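Structure first, commentary second.
The values are calculated or read from the model by the stated rules, or taken from the named source; none is laboratory data. The structure presented is a predicted model; accordingly, all values stated were derived computationally and were not measured. Neighbour counts run over all protein chains shown; Cβ positions are idealised from the backbone, glycine included.
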Amino acid sequence: MKFNYAEEKNRYAVKNEAGEEIGEITWSNAGEDVMIVDHTYVNPDYRGNKIAQQLVFQAAEVARRDDKKIIPLCPFAKKEFETKPEYQDVWRR
């Protein structure tokens, strides 16, 4: 299966091959240098494809590009940040 990821204003969305949105990660900006990740969702029909993990990764890449830190309020994103060392550079504790 091929998925298409696209950055939008304060969110990253993923669509399936038919162009239907099947997941998203959203954040708000807290000042100029902090992103608060507040929501990650993947359609239940597509869970198990590591889409949510990819969405967290994409949000971290946005933070790196924009020289920001992330406060992961979303429980899924917080778990990813707590268990994966690759997010230490963008995690604001």
Notebook entry, point to check: Do you know which residues across segment 42-76 are acidic (Asp, Glu) and closer than 16 Å to Lys15 by Cβ?
Noted result: Asp45
Item checked: Selection from segment 41-53 of residues that are outside any strand (DSSP E or B) and crowded, with 19+ Cβ neighbours inside 10 Å -> Ile51, Ala52
Check: Of the numbered conditions (1) in a strand (DSSP E or B); (2) over 16 Å from Lys78 (Cα atoms); (3) modelled with pLDDT of 95 or more; (4) acidic (Asp, Glu), Asp38 satisfies every one except a single condition; which is it?
Finding: (2)
Next item on the list: Evaluate the following for Ile25: is it touching a Leu at 6+ places or on another chain (Cβ under 6 Å) and buried (at least 18 other Cβ atoms within 10 Å of the Cβ)?
Entry: yes
